[in-house]
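What follows is one structure encoded as structure tokens, with my remarks underneath.
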Amino acid sequence: MGHDISGINQSGEEIAYARFAMWNYNANILYDLLDAQNYNGGVSGIGDSVVFTRKQIEKALHDCRKKFKKDLSTVEVNDLLTWDQKQILEFMENCLETAKKEGSVRIIFS
């Protein structure tokens, strides 16, 4: 069990991926940024997906950067929060890149 969250392009290819252990509270950060707590099953995602528009992903990425407010280029291996912040930021950036090209991105919460 755990939170496996994937960004999928229109061709069905995975373009972004974030993984959180089932009790890793940091998964809530990503659900909150995407306004997607309805897809959070507690120990994992609920196995459903939703399509996000470019504007929704831009807002989520803006909020992400505002929330973290620090350079995440160097991550301490033992710092789970910082590692998860970097994982979330990269996930959001990859989703935005696809949304810019295609107008939207599908995110699967499993």
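The values are calculated or read from the model by the stated rules, or taken from the named source; none is laboratory data. Just so you know, these numbers come straight off a predicted model, no measurement behind them. So basically every Cβ, Gly included, is an ideal-geometry build from the backbone, and we count neighbours across all protein chains shown.
Okay, here's what the table says:
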{"read-out": "In the range 1-14, the residues that are over 16 Å from Leu61 (Cα atoms) and touching a residue at least 40 places away in the same chain (Cβ under 8 Å)", "value": "Met1, Gly2, His3, Asp4, Ile8, Asn9, Gln10"}
{"read-out": "Residue that is nearest to Gln87 (Cα to Cα), among those in the range 31-44 that are among the hydroxyl-bearing types (Ser, Thr, Tyr) and either part of a loop (DSSP other than H, G, I, E, B) or out of contact with any Asp or Glu (no Cβ under 7 Å at 6 or more places or on another chain) (or both)", "value": "Tyr31"}
{"read-out": "Residue list for the range 1-27, filter: of a type in the set (S, T, N, Q) and touching a Phe, Trp or Tyr at 6+ places or on another chain (Cβ under 9 Å)", "value": "Ser6, Asn26"}
{"read-out": "Contacts under 7 angstrom Cβ, first residue in the range 49-68 being farther than 14 Å from Asn94 by Cα, partner assigned to a strand (DSSP E or B) and not aromatic (Phe, Trp, Tyr), 6 or more apart", "value": "Ser49/Arg106; Ser49/Ile107; Ser49/Ile108; Val50/Ile107; Val51/Ser104; Val51/Arg106"}
{"read-out": "Counted residues, the range 1-30 - those being under 12 Å from Gly45 (Cα atoms), touching a strand residue (DSSP E or B) at 6+ places or on another chain (Cβ under 8 Å) and either among the charged types (D, E, K, R) or part of a loop (DSSP other than H, G, I, E, B) (or both)", "value": "3"}
{"read-out": "Matching residues, the range 1-48, being farther than 27 Å from Lys101 by Cα, exposed (fewer than 13 other Cβ atoms within 10 Å of the Cβ) and of a type in the set (Ser, Thr, Tyr)", "value": "Tyr25"}
{"read-out": "Residues being surrounded by 14 or more Cβ atoms within 10 Å (Cβ to Cβ) and either among the acidic types (Asp, Glu) or at pLDDT 95 or above (or both) - total across the range 62-86", "value": "2"}
